[in-house]
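Asker: Mind having a look at this structure? Questions to follow.
The values are calculated or read from the model by the stated rules, or taken from the named source; none is laboratory data. It should be emphasised that the depicted structure is a prediction, and the values quoted were computed from it without experimental measurement. Just the protein is used for accessible areas: all its heavy atoms, side chains included, with ligands, DNA and RNA removed. Shrake-Rupley method; radii C 1.70, N 1.55, O 1.52, S 1.80 Å.
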Amino acid sequence: MWNRQANTELQSQSSNPEVDSGRLAVPSALSLARIGASLKIEGSVTGEEDLQIDGKVEGPVTIRGRLTVGCSGQLSAGVTARELAVYGKVSGNVDARDRVEIKRDGAVIGDIQTARISIEDGAIFKGRIEIGRSVPNQATKPESSPALGVGAA
């Protein structure tokens with residue numbers, strides 16, 4: 001009925017994070033880091049996982065995943081992330097590849113560059129918004145092409 005050796009092998013395999021479920025032990029997209037409300041960070045913050053800021057951060061933040069600035073969160077610098085949700089306050093320019101959401105009591109003071117944006121009633125926003133991305137090579141080539149200067153003369 002019960003095989004002690006098989007049970008011991010299962011326990012030793014599942015306790016090893018590198019073998020767990022056949023995956024290597026790396027931060028997953030579902031993992032979330034959090035900066036608590038009583039914390040203040042002066043300097044840059046970078047990471048691969050999602051991040052929620054409930055405290056104060058004075059310095060640039062670069063996150064590959066979703067960045068959430070909580071109700072008590074205050075961010076004073078530039079932001080680069082895939083997605084940004086603002087419930088608190090962001091003072092600085094924002095570059096979000098996918099989406100920016102400014103919630104009801106949220107505030108963003110700075111320029112935003114993103115593909116999609118949502119600003120709820122009651123939110124504060126002061127700055128410019130650039131929606132979508134242009135391909136730099138195509139946008140600058142016609143203007144700087146030598147053929148235009150020759151043909152125009």
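Asker: For residue 50, list long-range residues whose amide hydrogen, built 1.01 Å from N in the peptide plane, is under 5 Å from its own amide hydrogen.
Answerer: 31, 33, 66
Asker: Taking amide H atoms as placed 1.01 Å from N in the peptide plane, list the residues 5 or more away in sequence, or in a different chain, whose amide H sits under 5 Å from that of residue 45.
Answerer: Here the answer is 61, 62, since their amide H atoms fall under 5 Å of that of residue 45.
Asker: HN-Hα J couplings of segment 53-68 from phi, Karplus 6.51/-1.76/1.60, θ = phi - 60°, integer Hz, Gly and Pro as x?
Answerer: 10, 10, x, 10, 10, 10, x, x, 10, 10, 10, 6, x, 9, 10, 10
Asker: Keeping all protein chains in place and using 1.4 angstrom, which order do 66, 34, 116 fall into by accessible surface area, from largest down?
Answerer: Details: 66 60, 34 160, 116 115 Å².
Largest accessible area first, the residues go 34, 116, 66.
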